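Colleague: Once you've had a glance at the structure underneath, I'll fire off some questions.
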């Protein structure tokens, strides 16, 4: 007897309702992985590292491009970026060629270098919280069976050949810290293994080319998944992303319906129709933070399995839609909300206070920030160029009791310190806490996020 479980039989006719049921689930399941494919295609279509539209790092496969300043407002490639770190970004095809993360001596500065597989799960442990030593770290694909050369400090294996890379280096919002980082940044890089020679390479990140934006962008994030093309792309996902334990039956059902669609135009039409419906009815609402993790207290929500999703398909897809490329929980704790403590939508026509009582700042070994996003999860452009407040701001004023209050609204509330004001759009917005290198009390929910209270 074979241990292989029998699946759908070729040639079977499927009722449209069944096709729609399987197709709807396949759309939610595969959405993050198709998004990764399309981002890889768009953001690696350059001959050398540079900035797309002058704002977002792009690089050929196996490379990374580092930024030399905070990511500015105006880009629509990646939602929910932060104004705490210098970003680098790139993609690899790791079965063809491993990539080398070159890690210099960061001293006491906080940094983390994330790598995600096609499922958007994190697989590399590189950063200050790991005690990573300077050196050269290889990331390899699931089917790469070569030998790493002498001089490679360590290695990590991705579950998929497609992988995304993102080094992040903390920088205070001061001229002194910017100067200090600029001395370090040229040695922060990633490159293909065949370029490794055991010596520290240096890249002039301050003088990289600018590439044109390939298409007009609106106010929301670029659409990385086209529902009308989704089921044409899903077979590549099934071929290149190995099933998790227990997913084999899912793959059988998806492949059977896709095969039926090749043979019967009516089945293909039903799949396209259900993809368009699922995009509107399921994916679009996932931009709301209430669907991005359990309640964390005081109206905030927080995932507990970010970048380690397993079979939590809803959270994986929700974060891919709202906030792609999160770090693992022990690297960064994310908390977010669309509402005040009373459950009312945040709106810049009102003023709010966000108060951390004395001794109640987010418990971290790294740093924290509170970022404000507009209704599309991008920065609200303002004259101050201020999109977040936190550890990077040395001039924040505290109350006489040691508390720290941020004032949020479209206009600065009367009497509020200018340094503590976070400008908001005149309409809907959301707030987002990042806690890098979180301590146990924030991981286990003992620490509660602050109350957001409407003033007046």
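Colleague: Residue 61 fails exactly one of the following numbered conditions: (1) part of a loop (DSSP other than H, G, I, E, B); (2) within 22 Å of residue 184 (Cβ to Cβ). What is the number of that condition?
Modeller: The single condition residue 61 does not satisfy is (2).
Colleague: Just to be sure I understand the filter: pairs with C-beta atoms under 6 Å, separated by 6 or more residues or on different chains, first member in segment 250-261 and more than 16 Å from residue 6 (Cβ to Cβ), second member surrounded by fewer than 21 Cβ atoms within 10 Å (Cβ to Cβ) and at pLDDT below 95. Which pairs pass?
Modeller: Once the first residue is more than 16 Å from residue 6 (Cβ to Cβ) and sits in segment 250-261, its partners that are surrounded by fewer than 21 Cβ atoms within 10 Å (Cβ to Cβ) and at pLDDT below 95 give 260/14.
Colleague: Residue under question is residue 382, and the condition is that it be assigned to a loop (DSSP other than H, G, I, E, B), touching a strand residue (DSSP E or B) at 6+ places or on another chain (Cβ under 6 Å) and over 23 Å from residue 286 (Cα atoms); does it hold?
Modeller: On the way: assigned to a loop (DSSP other than H, G, I, E, B): yes; touching a strand residue (DSSP E or B) at 6+ places or on another chain (Cβ under 6 Å): yes; over 23 Å from residue 286 (Cα atoms): yes.
Answer is yes for this residue.
Colleague: Within segment 246-263, can you find the residues that are in a loop (DSSP other than H, G, I, E, B) and modelled with pLDDT of 95 or more? Even if it seems obvious, please write down each step before you answer.
Modeller: Step one: filter segment 246-263 for residues in a loop (DSSP other than H, G, I, E, B), giving 246-247.
Residue satisfying the conditions is 247 alone.
Colleague: Considering only residues that are outside any loop (DSSP other than H, G, I, E, B) and more than 20 Å from the chain's Cα centre (by Cα), look in segment 131-156 and name the one that is nearest to residue 242 (Cα to Cα).
Modeller: The initial filter retains those residues of segment 131-156 that are outside any loop (DSSP other than H, G, I, E, B), namely 135-140, 154-156.
The next check asks that each one be more than 20 Å from the chain's Cα centre (by Cα); those that pass are 135-138, 140, 154-155.
Numbers: 135: 31, 136: 28, 137: 24, 138: 21, 140: 15, 154: 24, 155: 21 Å.
Filtering segment 131-156 for residues that are outside any loop (DSSP other than H, G, I, E, B) and more than 20 Å from the chain's Cα centre (by Cα), the one nearest to residue 242 (Cα to Cα) comes out as 140.
Colleague: What's the total number of residues in segment 104-118 that are surrounded by 22 or more Cβ atoms within 10 Å (Cβ to Cβ) and assigned to a loop (DSSP other than H, G, I, E, B)?
Modeller: 1
Colleague: Within the group 260, 229, 249, 256, which residue is surrounded by fewer than 16 Cβ atoms within 10 Å (Cβ to Cβ) and touching a helix residue (DSSP H, G or I) at 6+ places or on another chain (Cβ under 9 Å)? Steps first, please.
Modeller: Values: 260 fails: surrounded by fewer than 16 Cβ atoms within 10 Å (Cβ to Cβ); 249 fails: touching a helix residue (DSSP H, G or I) at 6+ places or on another chain (Cβ under 9 Å); 256 fails: surrounded by fewer than 16 Cβ atoms within 10 Å (Cβ to Cβ).
Unique residue meeting the criteria: 229.
Colleague: Does at least one position in segment 278-288 carry a residue that is surrounded by 21 or more Cβ atoms within 10 Å (Cβ to Cβ) and on the phi > 0 side of the Ramachandran plot?
Modeller: No, segment 278-288 contains no residue that is surrounded by 21 or more Cβ atoms within 10 Å (Cβ to Cβ) and on the phi > 0 side of the Ramachandran plot.
Colleague: In this structure, is residue 369 touching a helix residue (DSSP H, G or I) at 6+ places or on another chain (Cβ under 7 Å), part of a strand (DSSP E or B) and in contact (Cβ under 8 Å) with a residue 12 or more places away in the chain?
Modeller: no
Matching residues to (1) touching a strand residue (DSSP E or B) at 6+ places or on another chain (Cβ under 9 Å); (2) at pLDDT 95 or above; (3) assigned to a loop (DSSP other than H, G, I, E, B):
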position	(1), (2), (3)
407	yes, yes, no
422	yes, yes, no
425	yes, yes, yes
430	yes, yes, no
441	no, yes, no
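Colleague: Quick one: would you say residue 179 is within 21 Å of residue 65 (Cα to Cα), in a strand (DSSP E or B) and in the same structural domain as residue 96 (by TED's automatic domain parsing)? Let's see the steps before the verdict.
Modeller: Working: within 21 Å of residue 65 (Cα to Cα): yes; in a strand (DSSP E or B): no; in the same structural domain as residue 96 (by TED's automatic domain parsing): yes.
So residue 179 fails the test.
Colleague: Identify, by number, the condition in (1) touching a helix residue (DSSP H, G or I) at 6+ places or on another chain (Cβ under 6 Å); (2) not in a loop (DSSP other than H, G, I, E, B) that residue 309 doesn't meet.
Modeller: The single condition residue 309 does not satisfy is (2).
Colleague: Moving on. Just one of 293, 299 is in contact with a helix residue (DSSP H, G or I) (Cβ under 9 Å, 6 or more places away or on another chain) and on the phi > 0 side of the Ramachandran plot; which is it?
Modeller: When all the criteria are applied, what remains is 293.
Colleague: Moving to a separate point now. Could you check residue 186 against (1) under 30 Å from residue 436 (Cβ atoms); (2) assigned to a loop (DSSP other than H, G, I, E, B); (3) over 21 Å from the mean Cα position of the chain (by Cα); (4) at pLDDT 95 or above and say which number it fails?
Modeller: Residue 186 satisfies every listed condition except (2).
Colleague: Tell me whether segment 333-343 contains one or more residues that are under 24 Å from residue 396 (Cβ atoms) and surrounded by fewer than 21 Cβ atoms within 10 Å (Cβ to Cβ).
Modeller: Yes - at least one qualifying residue is present in segment 333-343.
Colleague: So if I check each of 74, 90, which one is assigned by TED's automatic domain parsing to the domain that holds residue 177, within 21 Å of residue 213 (Cβ to Cβ), surrounded by fewer than 21 Cβ atoms within 10 Å (Cβ to Cβ) and out of contact with any helix residue (DSSP H, G or I) (no Cβ under 7 Å at 6 or more places or on another chain)?
Modeller: 74
The values are calculated or read from the model by the stated rules, or taken from the named source; none is laboratory data. Remember, predicted model here, so these are calculated numbers, not experimental data. All Cβ positions, even for glycine, are placed from backbone atoms using ideal geometry, and neighbour counts span all protein chains on display.
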